[in-house]
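Asker: Attaching a single structure in structure tokens format; questions to follow.
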Amino acid sequence: MTLMPDKLEKKLRYTFKNKDLLYEALRHSSFVNEYPADKLPNNERLEFLGDAVLNLVISHILMNTYPEMNEGELSHARANLVNTITLATIARESNLGIHIQLGKGEIQTNGRDKNSILADTFEAVTAAVYLDGGFEAIFRIIKALFDFSLQKRLFTDSEHDYKSRLQEYLQELRHPVPNYKVISEIGPDHDKTFQVKIIACEITATGAGKSKKSAEQNAAKQVLAQLTTPKNDSK
């Protein structure tokens, strides 16, 4: 695949002095594994650095933009912005997926539109800009790219929308969307408590709440907790 960095640079409004940094940021491990003789580095080291740079930049922006926020509020706001779903959304808005070098297997499974790959590559590109142009360059780019998120996503309850997060997670694993089943309704009509059961990835969980929706959210939260604990390398 012949890379066309100028198109991505135009989207980012940044021109790399060292194009090799950009190429590395766009090189997924699945691509590198298919060409071992070339001994090309994948983007995982840049992804590691990009995660730290992104958190620093977003923290800086939030502190400057919202001086009235305390530490807990700032942490909550940053978590709403620096997560796989938001990063993947911003990557799509930048058409990042078409530039990623993937192995044949990932291409066949629509890897260019996977949230995890998009988010990880976005972090790698963040690191590449930082190394190439310094903090001011990446600060300007991130501030521009995240403007919509700061205005529209910052104070949403997205991090507490466990049903949506579970569905995204299962789609990444190519598992079917789970079904939620009400198994009991306790109490009078004006003060009912619902119990909902869910089965996903061979994990069964139940959740309770004062509405079916809240019971479903609690059930989804339990499944997510089991799916994303230490054995998985989630961020």
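Asker: Percent of Cα-Cα pairs more than 20 Å apart in the range 161-227, please.
Answerer: Percentage above 20 Å: 24.
Asker: Between residue 103 and residues 5 or more places away or on another chain, which pairs have amide H atoms under 5 Å apart, with H built 1.01 Å from N, and which residues are they?
Answerer: For residue 103, the qualifying residues are 30, 31.
Asker: May I ask for the distance between the Cα centers of the range 164-234 and the range 72-102, given as a whole number of Å?
Answerer: Spelled out, the Cα-based centre of one part sits 25 Å from the other.
Asker: Now for a different question. Skipping prolines and chain starts, which residues have an amide H placed within reach, meaning under 5 Å, of the one on residue 40, given they are 5 or more residues away or on another chain?
Answerer: Those qualifying (amide H under 5 Å, at least 5 residues apart or on another chain) number zero.
Asker: Using only alpha carbons, build the gyration tensor for the range 15-93 and give me the equivalent ellipsoid semi-axes, biggest first, whole Å.
Answerer: 33, 13, 11
Asker: Give, as ranges by residue number, the residues of the range 76-105 whose backbone N falls under 17 Å from the point 7 Å along Cα→Cβ of residue 144.
Answerer: Counting only backbone N, you get 90-96.
Asker: Sticking with this one: Between residue 116 and residue 63, how many nm apart are label points set 7 Å from Cα along the C-beta direction?
Answerer: Going by the 7 Å Cα→Cβ label model, 3.3 nm.
Asker: Contact order normalised by length for the chain, with contacts defined as Cα pairs under 8 Å and 6 or more residues apart; what percent is it?
Answerer: Across the chain, relative contact order equals 18 percent.
Asker: When the gyration tensor of the chain is built from Cα positions, what are the square roots of 5 times its three eigenvalues, in whole Å, from largest to smallest?
Answerer: 37, 24, 13
Asker: Using just the helices of the chain, give the 222 nm mean residue ellipticity in deg cm²/dmol: DSSP H runs with n ≥ 4 each add -39,500 (n - 2.57), and the total is spread over all residues, rounded to 500.
Answerer: -17000 deg cm²/dmol
Asker: Estimate the FRET efficiency between residue 177 and residue 212 by the formula 1/(1 + (r/R0)^6), using the beta-carbon distance for r and 22 Å for R0, to the nearest 0.05.
Answerer: 0.85
Every number in this text was worked out from the coordinates using simple rules, so none of it is lab data. From a predicted model like this one, the values you see are computed outputs, not experimental measurements. Neighbour counts are summed over all protein chains in view; Cβ atoms, including those assigned to glycine, are modelled from backbone coordinates with ideal geometry.
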